[in-house]
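The structure under discussion appears below in the form of structure tokens.
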Amino acid sequence: MRAHDLIIFDCDGVLVDSERITCTVLATMLNELGLAATMETAYEEFVGNSLTRCIDIIEAKLGTPIPENFVADFKRRTGEALSESLSAVDGIKEALAAIDLPTCVASSGDHDKMKITLGVTGLYSHFEGRIFSVTEVARSKPHPDVYLYAASKMQTAPERCIVVEDTAIGVTAAVAAGMTVLGYAKLSDPQQLADAGAIPFDDMHQLPARIQAIGSGQYSRS
């Protein structure tokens, strides 16, 4: 019997190289509100959080509610930027072609955003009908809700799922769901991912071999 039956992918930073683009837009808009920010600081503070959680953080910094049109403007500007310059994560298409287990997506992004990001990169058809959003559950990451929801919809026990994540927040969510986690550390700190409970790796071309090694019991954290 196989050790695992399902591979669950986070979307941003794992399937699509979107986080630097999104954080650049967000940093620009934060500066327009009078909050000093760069792409790097936005990445450190906001990546891995749901949009609702990001708004909570911004409002705490401002001490006042955000402007009424902020979310709509952010979605519009992000969508435009992603449509212009987004690419798939290097090696992910080759990895997906080599993985022989069922796959799905469980993201902190909403469905509209994933239609853009997965559509622009040519990945939407690969996951169509198996794409799940934090907007469908009660709590966002680091709570396990979206991962448990994805496993339930895919009719798979949580302990038989492998999650591919790129943030400590996401790793924490997947670990809390009782799942094995591979932490993609191309842009993230591998030690932070490991401390959260993931097995880190930094080349998406390695993913099929990492999954196989976990399944055979040959892999241990290093």
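Numbers for the structure displayed
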read-out: Nearby lysines by direct alpha-carbon distance to residue 115 (threshold 21 angstrom, same-chain neighbours under 8 apart not counted); value: 75, 93, 141, 153
read-out: Whole-number percent relative contact order across region 1-79, with pairs defined as alpha carbons under 8 Å at least 6 apart; value: 25
read-out: Amide H within-cut-off set for residue 103, under 5 Å, with H built and near neighbours excluded; value: 7
read-out: Percent antiparallel among DSSP beta bridges (both partners in the chain, rounded to 5); value: 5
read-out: Global geometry of region 154-222, whether rounded, prolate or oblate, following the gyration tensor of its Cα atoms and the 1.5 cut on a/c; value: oblate
read-out: Helical segments meeting 15 Å axial Cα length and Kyte-Doolittle -0.5 threshold in the chain (DSSP H); value: 19-32, 51-62
read-out: Residue-averaged 222 nm ellipticity for the chain, from DSSP H runs of 4+ at -39500 (n - 2.57), nearest 500; value: -14000 deg cm²/dmol
read-out: Nearby aspartates and glutamates by direct alpha-carbon distance to residue 113 (threshold 19 angstrom, same-chain neighbours under 8 apart not counted); value: 10, 12, 17, 19, 73, 80, 84, 128, 136, 165, 166
read-out: Among (1) 56, 39, 36; (2) 48, 37, 31; (3) 56, 33, 29, the entry that matches Cα extents along the principal axes in Å as calculated here; value: (3)
read-out: Region 1-136, relative contact order in percent, only Cα pairs under 8 angstrom and at least six apart counted; value: 36
read-out: 5 Å binning of all Cα-Cα separations within region 138-188, expressed as whole percents from 0 upward; value: 5, 25, 31, 23, 11, 4, 0
read-out: Fraction of accessible area attributable to carbon and sulfur, the chain (%, probe 1.4 Å); value: 49
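The values are calculated or read from the model by the stated rules, or taken from the named source; none is laboratory data. This is a predicted model, so every value here is computed, not measured. The accessibility values were calculated without ligands, DNA or RNA, using every heavy atom of the protein model including side chains. Shrake-Rupley method; radii C 1.70, N 1.55, O 1.52, S 1.80 Å.
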